[in-house]
């Protein structure tokens with residue numbers, strides 16, 4: 001099987017942001033995505049940048065292709081404005097986190113769609129529980145042969161991105177004890193989770209052919225790895241991150257991904273392969289970041305060296321600053337330090353619950369206010 005990789009300009013960037021629709025009074029999820037999309041459609045055609053997702057409680061915002069992260073974030077904020085014009089009169093708010101703190105998965109309605117129907121028919125109970133939200137960041141790759149080495153290299157920084165974006169400590173009303181419950185839930189789907197570390201594009205094509213032959217998938221787009229090549233767009237797509245409640249945080253995480261990917265792309269041009277960890281270290285790092293978030297002690301090198309992920313992130317900000325300045329996202333990258341100081345979303349949610357006698361409605365209210373007002377920098 002040959003899988004064509006579209007031409008793409010190096011280090012262009014696009015961001016996808018999944019947002020939940022919640023009742024402004026109760027904080028519970030509401031199933032009105034189709035009504036929102038219908039209101040935003042033109043001549044019966046869905047808005048090209050505001051789309052449906054698996055569940056009818058969700059809309060997804062998709063930025064255009066941009067050269068800088070700030071431009072992509074500005075694009076997304078404009079789309080939020082369009083959605084709010086529809087939902088504000090209905091008493092509906094937007095919320096984003098890796099999971100909803102108290103909603104029940106069995107109450108959620110699925111978007112009518114042949115592809116979703118096929119997925120849920122196969123996955124049953126596990127598939128129906130995918131009441132989760134994330135952000136996806138695409139970075140343009142100018143040479144197909146770079147795609148898989150960059151995927152492998154980004155696995156080294158998987159725990160940094162997972163810990164920084166972790167925002168799903170609650171599930172169906174329970175405190176899970178995890179910073180990111182979403183990370184471990186999503187990997188239950190067939191072909192989801194950590195990518196295989198392939199050495200060549202031909203290996204990837206053989207893998208997809210095997211899955212198609214055995215009926216696991218119908219095409220490569222159903223390979224739902226946490227980090228994957230996206231042949232249709234000519235990008236590497238980072239899908240590991242939990243949903244984030246502020247545009248500031250989306251910008252910070254996107255800037256980190258943008259800088260790491262661009263640096264690896266340049267290294268490959270110079271004949272230098274990105275540092276890649278053993279698969280068993282990568283898997284352990286994913287679990288540690290999901291469990292402990294920014295308090296995780298992660299494995300940082302093939303020799304088994306370990307460091308606190310927050311310390312490693314602070315060093316990354318300094319290390320990547322020249323790249324960020326060149327890419328026009330230095331302020332966004334420096335916002336990583338603000339998140340480290342103020343707390344990641346999972347930490348803020350836990351603090352709100354504690355301050356309000358365990359009220360998860362208060363947590364939802366806090367998340368909706370953050371999405372409206374941005375990250376508190378005071």
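Every read-out reported here was derived from the displayed coordinates using simple, explicitly stated rules and does not represent laboratory data. Quantities reported herein were computed from a predicted structural model and do not represent experimental measurements. A quick note on method: Cβ atoms are made from the backbone with ideal geometry, for glycine too, and the neighbour counts reach across all protein chains shown.
Please tell me if residue 188 is touching a helix residue (DSSP H, G or I) at 6+ places or on another chain (Cβ under 7 Å), assigned to a loop (DSSP other than H, G, I, E, B) and exposed (fewer than 15 other Cβ atoms within 10 Å of the Cβ). When the stated conditions are applied, residue 188 passes them.
If I ask for residues that are more than 21 Å from residue 250 (Cβ to Cβ) and in contact with a helix residue (DSSP H, G or I) (Cβ under 9 Å, 6 or more places away or on another chain), which ones from region 352-375 would you list? Before you say what the answer is, go through the steps one by one.
Our first condition is that a residue be more than 21 Å from residue 250 (Cβ to Cβ); within region 352-375, this holds for 353-362.
Listed by number, the residues that qualify are 353, 355, 356, 359, 360, 362.
Given the options 150, 135, name the one that is closer than 24 Å to residue 313 by Cβ, touching a helix residue (DSSP H, G or I) at 6+ places or on another chain (Cβ under 6 Å) and outside any helix (DSSP H, G or I).
On the way: 150 fails: outside any helix (DSSP H, G or I).
So the residue among 150, 135 that is closer than 24 Å to residue 313 by Cβ, touching a helix residue (DSSP H, G or I) at 6+ places or on another chain (Cβ under 6 Å) and outside any helix (DSSP H, G or I) is 135.
Kindly provide the set of residues from region 162-185 that are within 15 Å of the chain's Cα centre (by Cα) and buried (at least 24 other Cβ atoms within 10 Å of the Cβ), ordered by number. Of everything in region 162-185, those that are within 15 Å of the chain's Cα centre (by Cα) and buried (at least 24 other Cβ atoms within 10 Å of the Cβ) turn out to be 162, 163, 164, 165, 166, 167, 168, 179, 180, 181, 182, 183. So if I check each of 84, 67, which one is surrounded by fewer than 21 Cβ atoms within 10 Å (Cβ to Cβ), under 28 Å from residue 141 (Cα atoms) and more than 18 Å from the chain's Cα centre (by Cα)? Matching residue, one of 84, 67: 67.
Under the condition of being touching a residue at least 24 places away in the same chain (Cβ under 8 Å) and either over 23 Å from the mean Cα position of the chain (by Cα) or farther than 30 Å from residue 166 by Cα (or both), the residues counted in region 186-202 number 3.
The residues listed here are 224, 239; of these, the one that is surrounded by fewer than 20 Cβ atoms within 10 Å (Cβ to Cβ), under 30 Å from residue 372 (Cα atoms) and out of contact with any helix residue (DSSP H, G or I) (no Cβ under 7 Å at 6 or more places or on another chain) is 239.
Looking across 91, 27, 98, one residue alone is on the phi > 0 side of the Ramachandran plot, buried (at least 22 other Cβ atoms within 10 Å of the Cβ) and touching a residue at least 40 places away in the same chain (Cβ under 8 Å). It is 27.
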